[in-house]
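This report concerns only the one structure given below.
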Amino acid sequence: FATSYIFNTPVKEITLVTANDNIGEFLLPDGTKVWLNEKSRLVYPEAFDDDERNVKLYGEGFFEVRKDASRPFKVDMTNIKIEVLGTSFGASCYRKDIKEEVILKNGSVRISCEGTENPITLKPNERLTYSPFDGSVNIDEIDVANTYRWYETYLSFDNARFGDILNKIEHRYRVNVMALTSV
C-alpha cells in the first residue's frame, strides 16, 4: 500500500505488479477486469470515489470496464489519458517503446494526448498510436482478434502483418526473432 494525499485526506493506493514472463488477471473494486502484461504496473485507490474511477497504467494492460454511467473510468498513462464508461480496450506505454497506443475492442473511448487540443474518440477495431518524440497521433483500423490476444493463453494470427506477428512473438517469448532469422 502507498498513501497519497488529496485535500490533506490520506488515500490508500494499491499497486498491482507483474514480473518478467508473467501475465496477471485482476478484479478491481468496481468489478472491472484487468490483465497486466509482463513488467507492468497498475495503481488505483483502495476505494473509488463517487465521481470517477481513476487508475494509472505503466506497461501494458487489457481492460474490461464495468459500465457505470455515473462514474467514468479513467486510465492515466505517461502521455495519454483514456476515459470510458464501459468497454473493452488495450493500452500500452512501456518505457522502452517509442510509442504509446490504445486499441479498442468494443464500446468507445475518448483519448487525450499530450500536446493535442481536442480529445479523440475511437471506434471498435481502431488503434491510436502516439509518439512522444514528435507529438504525432495516428489512427488506423486493425483486426483486434489478431492484434490483442496476448492476455490469452495462446497466440493466434489470421491475415496479420508479418511485422506485427514478429513483434508479438518477440514480446511474448522474449526473443529477438530478427537475430534468429539472420543466422
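The values are calculated or read from the model by the stated rules, or taken from the named source; none is laboratory data. The shown structure was predicted, so the numbers you read here are calculated from the model rather than taken from an experiment. For neighbour counting, all protein chains shown are included, and Cβ atoms are generated from backbone atoms with ideal geometry for every residue, glycine included. When the accessible area is computed, the model is the full protein with side chains, heavy atoms only, and any ligands, DNA or RNA have been set aside. Shrake-Rupley method; radii C 1.70, N 1.55, O 1.52, S 1.80 Å.
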Subject >> Test: Ile98 is loosely packed, with under 15 Cβ neighbours inside 10 Å and hydrophobic (A, V, I, L, M, F, W, C) >> reply: yes
Original post:
For the stretch 56-108, which residues satisfy the criterion of being under 19 Å from Pro29 (Cα atoms) and among the aromatic types (Phe, Trp, Tyr)?
Top reply: Phe62, Phe63, Phe73, Phe89
Original post:
Any idea which of Ile23, Ile80, Ile103 is in contact with a helix residue (DSSP H, G or I) (Cβ under 8 Å, 6 or more places away or on another chain), in contact (Cβ under 8 Å) with a residue 40 or more places away in the chain, open to solvent by less than 80 Å² (accessible area, probe 1.4 Å) and of a type in the set (Val, Ile, Thr)?
Top reply: Ile103
Original post:
Quick check, is Ala160 open to solvent by less than 40 Å² (accessible area, probe 1.4 Å), farther than 19 Å from Gly61 by Cβ and at pLDDT below 80?
Top reply: yes
**OP:** Could you list, in sequence order, all residues of the stretch 106-142 that are closer than 15 Å to Asp164 by Cα and open to solvent by 60 Å² or more (accessible area, probe 1.4 Å)?
**Re:** Glu141
Subject >> Test for Gly61: is it at positive phi and either acidic (Asp, Glu) or free of Cβ contacts under 8 Å to residues at least 40 places away in the same chain (or both) >> reply: no
**OP:** Scan the stretch 123-142 and give yes if some residue there is in contact with a Ser or Thr (Cβ under 8 Å, 6 or more places away or on another chain) and at pLDDT below 80, otherwise no.
**Re:** no
